[in-house]
2 protein chains.
Amino acid sequence: VPATKAPRFDFRPAVPDVSMFPRRAWLRSVRQAIGSATDADLGYGDPRGVETLRRALADYLGRVRGVVADPARTVVTSGYTQSEGLVCRALAAAGARRIALEDPSDPEQRETAARAGLEVVPVGVDEGGIRVDELERTRADAVVVGPAHQFPTGAVMAGERRSELLAWLRSSDAIAIEDDYDAEYRYDRAPVGALQGLEPGRVVYAGSASKTLAPALRLGWLVLPAELVDAVGHEKHLADRGTARIEQYAFADFLARGELDRHLRRMRVRYRARRDALVDALHEAMPEVEVEGIAAGLHVTARLTDTDDERAIVDEAARRGIALESLDDYRTAPGSGSPTLLVGYGQSADSAIRPGIARLAEAIEAARGRA
Amino acid sequence: VPATKAPRFDFRPAVPDVSMFPRRAWLRSVRQAIGSATDADLGYGDPRGVETLRRALADYLGRVRGVVADPARTVVTSGYTQSEGLVCRALAAAGARRIALEDPSDPEQRETAARAGLEVVPVGVDEGGIRVDELERTRADAVVVGPAHQFPTGAVMAGERRSELLAWLRSSDAIAIEDDYDAEYRYDRAPVGALQGLEPGRVVYAGSASKTLAPALRLGWLVLPAELVDAVGHEKHLADRGTARIEQYAFADFLARGELDRHLRRMRVRYRARRDALVDALHEAMPEVEVEGIAAGLHVTARLTDTDDERAIVDEAARRGIALESLDDYRTAPGSGSPTLLVGYGQSADSAIRPGIARLAEAIEAARGRA
């Protein structure tokens with residue numbers, strides 16, 4: 001949900017820097033798409049998406065994310081939210097009843113799954129990702145995980161945890177939906193490949209252009225186990241008869257010309273510098289705060305002292321023109337964990353980071369003084 | 001569903017002529033949209049759609065269709081299918097249980113409503129539109145109607161029938177979803193205004209660009225009674241967080257520059273000529289057949305003699321390279337009415353109409369000979 005008034009310091013998580021959106025390259029791809037579209041291309045076509053884009057995505061995801069991808073198992077969607085809804089409805093139609101979701105996670109993910117008729121079971125997350133020991137007790141038919149940079153904790157799923165999760169999928173005959181959130185923004189070393197690459201028959205891969213290019217595009221994609229393709233294609237047909245096709249052809253051209261790779265290279269440099277500046281500023285202005293989740297993505301978590309009131313701090317910060325969020329916004333049981341702020345650097349101007357964090361430190365002091 | 005192989009003569013209904021899609025004007029609008037988009041425009045924004053498009057649509061619909069429109073009650077969607085799903089889910093969430101649908105109608109409309117959790121009650125259609133006397137016995141909470149050119153019968157809802165329908169809406173405290181299908185293609189006189197204009201508090205207006213411009217755009221819109229706006233906006237948010245926004249800005253520009261009006265003026269001339277040629281060819285080649293539903297839209301109905309087998313004729317035609325459909329494809333109880341073919345002229349080349357219909361007459365003769 002967008003802020004109604006632009007804050008002076010914008011540290012909201014999950015907001016990418018769209019000022020760098022490569023308008024010229026995108027327009028070039030749209031021009032190419034409109035110019036070369038046949039009459040058939042301008043019709044309804046396959047609800048699962050246009051063939052050239054599914055091919056380009058399979059290439060890209062195999063190369064960049066280690067996804068075992070095949071155009072025939074790739075479905076183009078209108079973003080992650082729709083992707084999750086389509087898969088949940090297809091799973092429900094096939095008899096699934098319970099789905100585990102990480103806690104904390106985006107409440108919209110839970111609502112989407114519940115709306116599909118699935119019972120949602122929250123499962124804890126620690127620094128290694130989803131707690132598979134908890135998952136084992138759920139008897140869930142499916143699970144949604146964010147191994148690359150779990151939102152909002154920022155945890156990157158460790159190798160051993162991945163193995164445990166895959167073992168659970170096999171032993172319970174379950175399906176995982178891998179929300180490959182923030183995967184393209186891994187800063188300090190090469191990103192870990194997608195979980196899907198290790199078990200393509202049990203993991204649904206879900207990605208989108210919202211964080212890498214712009215939310216306005218509403219472009220997402222799924223790579224599915226073979227037995228889910230028809231059901232998800234049917235759900236997509238019922239949902240909207242397919243995603244806007246000129247944009248699909250444009251995105252296929254954009255990918256094929258290497259424009260996404262180029263854009264991501266530029267953005268990684270930019271975001272890494274911002275992250276470094278943010279982490280330094282946080283350490284300096286509030287040494288008592290523990291900064292985590294820095295390995296990837298567009299935000300870090302800042303764990304406060306146990307007596308801090310994260311809601312009061314967020315409110316105090318808002319009064320001082322600082323937009324940010326707290327972990328409680330995403331917990332199923334607010335107040336159940338250490339008070340933690342989510343500090344995004346996706347769209348902070350570089351020069352605003354130090355003064356913004358200094359001001360945040362003042363807000364924290366003020367909230368503490370009032371408590 | 002697209003034909004896997006292009007037929008030699010394409011008389012499928014509901015298929016517009018996309019060869020006339022105004023590529024240059026559309027590209028110009030996309031260029032304008034990309035060039036002038038602010039950072040906020042490239043974000044998620046309001047799931048109900050971008051303000052400039054909602055304003056442009058309200059203007060257009062008020063002017064061209066007599067819709068009592070207001071940007072605040074207008075929601076941009078990804079086409080009619082999504083529109084119907086959003087409204088049905090919002091109605092179901094508000095306690096609606098039964099929805100009446102015209103019979104015959106597109107089976108997808110019925111599936112969409114059923115998927116939203118509503119019980120679907122079929123109601124007959126005659127030459128004046130939906131049978132309100134039947135509707136009165138359904139105790140439905142809502143109804144889907146196509147007053148401008150009912151699909152597939154081609155009936156245009158008469159004035160008295162409109163009054164009866166509105167009276168039913170009021171007396172049963174029900175909501176109508178007006179599928180303003182083919183409304184922009186009314187040939188012999190000025191189109192009747194939308195039903196919504198007579199009762200904006202009880203009629204949901206649903207339109208799309210699929211038949212007027214191209215299905216590939218996946219652009220649709222709703223004008224809602226005030227009390228449904230928040231619920232439908234919430235459903236849209238859950239469905240996909242909003243329709244692709246660059247396309248929305250482009251369409252707003254396209255509408256504001258009068259490009260849709262210009263395109264429709266061109267297409268009306270073209271389609272009317274094709275319709276006239278088709279009706280003449282049908283009368284000539286098969287004088288025993290009754291041609292109806294000619295006032296509007298992109299297809300006519302051809303009522304066969306009572307002993308004809310419409311399925312056998314469609315199959316025989318397919319073997320001869322002619323694609324068309326029959327009314328039974330859309331009836332809830334196949335075989336329950338007069339055998340009737342649906343003969344579309346949306347994308348027949350002008351020169352193909354006479355030879356195509358001559359060939360269809362041969363197919364009918366062959367099917368009769370075999371019976």
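The set of residues from region A:362-371 being touching a residue at least 60 places away in the same chain (Cβ under 8 Å) and surrounded by fewer than 16 Cβ atoms within 10 Å (Cβ to Cβ) comprises just one member, A:371.
Sub-8 Å Cβ pairs linking a first residue in region A:148-169 that is of a type in the set (Phe, Trp, Tyr) to a second residue that is at pLDDT below 95, at least 6 apart or interchain, are A:151/A:13; A:151/A:14; A:151/A:181; A:151/A:182; A:151/A:297, ordered by first then second residue.
Taking region B:333-356 as the range and being out of contact with any strand residue (DSSP E or B) (no Cβ under 8 Å at 6 or more places or on another chain) and open to solvent by less than 40 Å² (accessible area, probe 1.4 Å) as the test, the residues that pass are B:337, B:353. For residue B:239, the stated conditions hold: it is within 14 Å of another protein chain (Cβ to nearest Cβ) and modelled with pLDDT of 95 or more.
Give the residue that is farthest from the other protein chains (Cβ to nearest Cβ), with candidates limited to residues of region A:9-27 that are without any contact (Cβ under 8 Å) to a residue 60 or more places away in the chain and open to solvent by 30 Å² or more (accessible area, probe 1.4 Å). The extreme case among them is A:24. If you go through region B:160-201 and keep only what is part of a loop (DSSP other than H, G, I, E, B), closer than 19 Å to residue B:83 by Cβ, open to solvent by 10 Å² or more (accessible area, probe 1.4 Å) and of a type in the set (Gly, Ala, Ser), you end up with just B:201. Taken as a whole, region B:212-234 holds at least one residue that is aliphatic (A, V, I, L, M) and open to solvent by 20 Å² or more (accessible area, probe 1.4 Å). Within region B:341-371, how many residues are of a type in the set (Val, Ile, Thr) and over 17 Å from residue B:318 (Cβ atoms)? Within region B:341-371, residues that are of a type in the set (Val, Ile, Thr) and over 17 Å from residue B:318 (Cβ atoms) number 1. Do we have any residue at all in region B:254-263 that's open to solvent by less than 10 Å² (accessible area, probe 1.4 Å) and away from chain A (no Cβ under 14 Å)? Among the residues of region B:254-263, at least one is open to solvent by less than 10 Å² (accessible area, probe 1.4 Å) and away from chain A (no Cβ under 14 Å), which makes the answer yes. Within region A:91-123, being assigned to a helix (DSSP H, G or I) and not hydrophobic (A, V, I, L, M, F, W, C) holds for A:107, A:108, A:109, A:110, A:111, A:112, A:115. Can you pull out the residues in region B:47-74 that are surrounded by 18 or more Cβ atoms within 10 Å (Cβ to Cβ) and within 14 Å of another protein chain (Cβ to nearest Cβ)? Within region B:47-74, B:47, B:48, B:49, B:50, B:52, B:53 qualify. Filtered by the rule that a residue be more than 26 Å from the chain's Cα centre (by Cα) and assigned to a helix (DSSP H, G or I), region B:30-70 gives B:31, B:32, B:33, B:34, B:35, B:36, B:40, B:41, B:42. Give region B:75-90 a look and list any residue that's open to solvent by less than 10 Å² (accessible area, probe 1.4 Å), in contact with a strand residue (DSSP E or B) (Cβ under 6 Å, 6 or more places away or on another chain) and assigned to a helix (DSSP H, G or I), or say none. Matches in region B:75-90: B:83, B:87.
Residues of region A:124-142 that are without any contact (Cβ under 8 Å) to a residue 40 or more places away in the chain, assigned to a loop (DSSP other than H, G, I, E, B) and open to solvent by 50 Å² or more (accessible area, probe 1.4 Å): A:131, A:136, A:137.
The values are calculated or read from the model by the stated rules, or taken from the named source; none is laboratory data. Here the structure is a predicted model, which is why all the values come from computation and not from measurement. In this analysis, Cβ positions are derived from the backbone assuming ideal geometry, glycine residues included, and neighbour counts consider all displayed protein chains. Calculation scope for accessible area: heavy atoms of the full protein, side chains included, ligands and nucleic acids excluded. Shrake-Rupley method; radii C 1.70, N 1.55, O 1.52, S 1.80 Å.
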